[in-house]
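Structure in structure tokens, see below.
The values are calculated or read from the model by the stated rules, or taken from the named source; none is laboratory data. The model shown is predicted, which means the values in this text are computed figures rather than measured ones. To get the accessible areas, we keep the full protein, side chains included, count just its heavy atoms, and leave off ligands, DNA and RNA. Shrake-Rupley method; radii C 1.70, N 1.55, O 1.52, S 1.80 Å.
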Amino acid sequence: MKSPPKKLPKIASAVWREVVAAIERVVAWPVPMVIAVSGGADSLCLCECMRLVAKTLPIQPLVAHFNHQLRGAESDADAEFVRAFAEAQELTVQIGRGDVAAHAQHERVSVE
């Protein structure tokens, strides 16, 4: 297993090792890696972890965000935040959008 980046805190190094071990068990190299990012703390943490892993493994990270359009301007702001975050980290980003409420009504299903 490769070593984590040198300046990581001890807990981050432990997380890095676990993530790398999990990836190495399931993929062949090089591999594109889609990272679903909502804009919340947990998905941003995952995104940062994958960005660091990509420095030592042949992973090509792609940040993906889907704007469900359920919260109006708030949903738009989340999408823009994710775009700006990914671009600041020099990661490729893809933003999708769709009227989930209209789809749910048409299909007679929950927005969940």
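Would you pull out the residues with amide H under 5 Å of Gly39's amide H, same chain only if 5 or more places away, H placed 1.01 Å from N?
For Gly39, whose amide H was placed from the backbone, the distant partners under 5 Å are Leu44.
Now a separate question. Using the Cα atoms of segment 54-112 to build a convex hull, what is its mean projected area in square nanometres?
5.0
Working from Cα positions, state the angle (0 to 90°, nearest 10) between the long axis of helix 73-88 and the longest principal axis of the chain.
20
Let me check something: with ligands and nucleic acids excluded, how do Met50, Met33 order by accessible area (1.4 Å probe), largest to smallest?
From most accessible down to least: Met33, Met50.
Could you pull out every residue, at least 5 positions away or on a different chain, whose amide H is within less than 5 Å of the one on Met33? Hs are placed 1.01 Å off N in the peptide plane, and Pro or chain starts have none.
Under 5 Å from the amide H of Met33: Gln60, Leu62.
If a/c stays under 1.5 just call it rounded; otherwise compare a/b with b/c (prolate if a/b is bigger, oblate if not). Do that for segment 31-86, with a ≥ b ≥ c from the square roots of the Cα gyration tensor eigenvalues.
It comes out prolate by the Cα gyration axes.
From the backbone phi of segment 14-25, what are the Karplus-calculated ³J(HN,Hα) couplings (6.51 cos²θ - 1.76 cosθ + 1.60, θ = phi - 60°) in whole Hz, Gly and Pro given as x?
Result, ordered by residue: 5, 5, 4, 4, 5, 5, 4, 4, 5, 5, 4, 6 Hz.
If you roll a 1.4 angstrom probe over the protein chains with everything in place, what fraction of the accessible area of the chain belongs to carbon and sulfur, to the nearest %?
The nonpolar share, carbon plus sulfur, comes to 56 percent.
Follow-up question, since we're still on this one. Expressed as a rounded percentage, what relative contact order does the chain have, with Cα pairs under 8 Å and six or more residues apart?
22
Sticking with this one: Determine the equivalent ellipsoid of segment 1-105 by diagonalising the alpha-carbon gyration tensor, then write out the semi-axes as square roots of 5 times the eigenvalues, largest first, rounded to whole Å.
30, 15, 12
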